[in-house]
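Take a look at the structure set out below.
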Amino acid sequence: YRSMDADNTDEEIRSRRSLAIIETDDEKASSLYVLTEFENSTFTFTASNGSKTWAGKVSSREVKAMAGRADMPEDLFLDEMLKALTKENVGNLNFAYSVRTAPGDLLELTFKRHLVADDIRFQLGTVVMQPQPPDRAHARILRYSVDAIASLKEQVAESNREKARLVSERQVAL
């Protein structure tokens, strides 16, 4: 898998975690908080609607099968799936989502590519997730959130240090 984003390192391409709020097209207009973990063409998901939680996994073999059903090259499909489920680096792409509860309290999250200008939607894939104890799933989502906030704080601090250094160099140059 090669990301279209040239700023990513090889490690970031092979392993990525992201938390996204997925708004569905369903009548109830529900939202899901979806933690997506991507590593070596395998996706692991933790999802919560605030009261119930689910977890699931999509193997590289299943990704290949979904790419075949969508009639897309595997690397392009993988890139679109990653964008659809993380909502990162989507550019001008649009996605639509639907959620259905299956027998056994399974959650089926279907994601579609949405061509807004023509109002055409075509299904990319479906992720099936098993019910999970809420405390465990919420802890995973919160841990990711806290780690992401800490990382962003460090990035802001580093940017502020760099800004101060540049201001100092500018003043010396003037």
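Values as computed for the structure displayed
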item: Flag if Ser18 is in contact with a helix residue (DSSP H, G or I) (Cβ under 6 Å, 6 or more places away or on another chain), surrounded by fewer than 18 Cβ atoms within 10 Å (Cβ to Cβ) and more than 14 Å from Val127 (Cα to Cα); result: yes
item: Pairs, first among the polar types (S, T, N, Q) in segment 106-119, second open to solvent by less than 40 Å² (accessible area, probe 1.4 Å) and not in a helix (DSSP H, G or I), C-beta under 7 Å, six or more apart; result: Thr110/Tyr97; Thr110/Ser98
item: For Glu108: the one exception among (1) within 30 Å of Ser51 (Cβ to Cβ); (2) of a type outside the set (A, V, I, L, M, F, W, C); (3) more than 19 Å from the chain's Cα centre (by Cα); result: (3)
item: Sole exception among (1) assigned to a helix (DSSP H, G or I); (2) open to solvent by less than 60 Å² (accessible area, probe 1.4 Å) for Pro131, by number; result: (1)
item: Search result, residues across segment 134-174 that are at pLDDT 95 or above, open to solvent by less than 80 Å² (accessible area, probe 1.4 Å) and acidic (Asp, Glu); result: Glu162
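The values are calculated or read from the model by the stated rules, or taken from the named source; none is laboratory data. Worth saying up front: this structure is predicted, and the values here are computed from it rather than measured. FYI the Cβ positions are ideal-geometry reconstructions off the backbone, even for glycines, and counts take in every protein chain you see. Please note that ligands, DNA and RNA were not included when accessible areas were found on the heavy atoms of the full protein model with its side chains. Shrake-Rupley method; radii C 1.70, N 1.55, O 1.52, S 1.80 Å.
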